[in-house]
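Read through the structure below, which is laid out as structure tokens, and then see the notes.
The values are calculated or read from the model by the stated rules, or taken from the named source; none is laboratory data. These figures come from a predicted structure and were not determined experimentally. Because the Cβ atoms are built from the backbone with ideal geometry, glycine has one as well, and the counts that use them run over all protein chains shown.
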Amino acid sequence: MSENVAPQPGSFQELAQLLMSLDNLLVSCMRCGLCQAVCPVYGSTFREADVTRGKIALLENLAHETIKDPKSVNDRLNRCLLCGSCEVNCPSGVNILEIFIKARSFVAGYLGLGLVKRLIFRHLLPHPRLFNLATRISGFFQKPFLKVANPLVGTHRAPILKMFLGDRHIPSLPKASFSSKRGALNIPAGSSGIKVALFPGCVPDKLFANLSEATLKILRYHGVGIFMPENLVCCGIPSLASGDSQGFLGLTSQNLKALSKQPFDYLVTPCATCAANIKDNWPRFLDKYGEEEKKAVAALVSKTMDITQFLVSALKVEFKPAEPKNDAKKVTFHDSCHLKKSLGVAAQPRAIIQSLPDYRLVEMPEADRCCGNGGSFTLFHYDISKDIGQRKRNNIVSVKPDLVVTGCPACLMQLMDLLSQNNDQIAVKHVVEIYADTLPDQAA
């Protein structure tokens, strides 16, 4: 990242620039209130301050309100999932996500980051070896802390860690992350003639390593070359969502440097959040990059794809509808917000499911309504997150499936928690996992 392109976040000049850019974005809002009908948070709390229109009213006097009561402003801005439901349904085309991201950056620049966030964003996420080591150590010592909650869902309770985790039902950590197990990958293109940069993302790498393995298996089966540098780091969405634009830019710069080591045709990830962040948010900060980084980011916008989108739309795999077997498992699909609302990907994962004779797809009500995870939102507003998630759980069980499938690792965690806490005997998988299970095993 260029050293002298822009003032440091938190400086008076930077904060003033953010306020002016916010003013230009806010004028488009007509206060029509249509965002109320689609906002998951408002649907749970029924507070005007929690809906987009209420937050925009706050932002119109942001500087004064921040000086008056910065912690209250910060809390109100963070009571948002950044799910994009309001933006997709806004008749005026207001860039709502950009407004909230910039507003959070302004408040974080004024308040500064807390100690825990600073440790995570500045000292853990930028250092993949340290992150992998922390995952390995946690995985090794986790067993005494965990008690099986729901074997079918694959969740555990952690009573000893209740102070940190609350009553959440969580999956266990793998013995090692995908990236530490596999190291750098440089597999030449096979029959497809296509080579991709594989971007696992933090959650598929550190928590759902089997998902990353399934992605690798699928790509190799279809003759796709794979480039994965060992020093990839977080895509930066946790930092950005918390207003830490400096940490976000640092992570982006590290990833751009790692990805520049070799040419590739597409960047593919099993994490819809990572794909949406790279395509939508990395370009938001073009004025903060050096010239080479600007070119790299611009090129990545068209190259970055969710794995299901890549298979169907780029690789052109023919997923022909198959007649379900008599004993086919009933599966329903949850459209994650980043996958459908941000990337516009909904038909592709369904095409994959419907091509598998072992599964019968049944649509749940409100399939594209937010599950309530929202990344860090569920950490700081778990009661609201859980209430939103309960509505999703009720929609799932209404169609009596054997399995619920999604395309987002964060949604996986949320669905596992809610189904497990309700003692529902419904398995939870990523669509990539059920497809990979149908393919023949290959040499590691």
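Worth pointing out:
- Candidates ASP437, ASP368, ASP402, filtered to the one that is at pLDDT 95 or above, in contact with an Asp or Glu (Cβ under 8 Å, 6 or more places away or on another chain) and charged (D, E, K, R): ASP368
- In the set (1) in contact with a helix residue (DSSP H, G or I) (Cβ under 9 Å, 6 or more places away or on another chain); (2) within 18 Å of ILE237 (Cα to Cα); (3) surrounded by fewer than 20 Cβ atoms within 10 Å (Cβ to Cβ), the condition left unmet by GLU65 is number (2).
- Helices (runs of 4 or more DSSP H) (entirely within region 133-224) containing at least 2 residues that are over 20 Å from the mean Cα position of the chain (by Cα) and acidic (Asp, Glu): none
- Residue within region 282-295 that is surrounded by fewer than 22 Cβ atoms within 10 Å (Cβ to Cβ), in contact (Cβ under 8 Å) with a residue 12 or more places away in the chain and within 27 Å of LYS217 (Cα to Cα) present: no
- For GLY139: the one exception among (1) without any contact (Cβ under 8 Å) to a residue 40 or more places away in the chain; (2) surrounded by fewer than 18 Cβ atoms within 10 Å (Cβ to Cβ): (2)
- Among the residues of this structure, LEU249 does not count as one that is without any contact (Cβ under 8 Å) to a residue 40 or more places away in the chain and part of a helix (DSSP H, G or I).
- Scanning region 68-101 for residues that are among the charged types (D, E, K, R), outside any helix (DSSP H, G or I) and surrounded by 16 or more Cβ atoms within 10 Å (Cβ to Cβ) returns a single hit, ARG79.
- Qualifying residue in region 237-246 (condition: surrounded by fewer than 22 Cβ atoms within 10 Å (Cβ to Cβ) and either in the same structural domain as PHE310 (by TED's automatic domain parsing) or within 16 Å of the chain's Cα centre (by Cα) (or both)): yes
- Residue check, LEU259 at pLDDT 95 or above, outside the structural domain of VAL431 (by TED's automatic domain parsing) and over 18 Å from the mean Cα position of the chain (by Cα): yes
- Restricting region 274-301 to residues that are modelled with pLDDT under 90 and touching a Ser or Thr at 6+ places or on another chain (Cβ under 8 Å), the residue that is nearest to CYS235 (Cα to Cα): PHE285
- Annotation note: of ASP368, ASP441, ASP383, ASP424, the sole residue that is surrounded by fewer than 24 Cβ atoms within 10 Å (Cβ to Cβ), within 30 Å of ILE187 (Cα to Cα) and charged (D, E, K, R) is ASP441.
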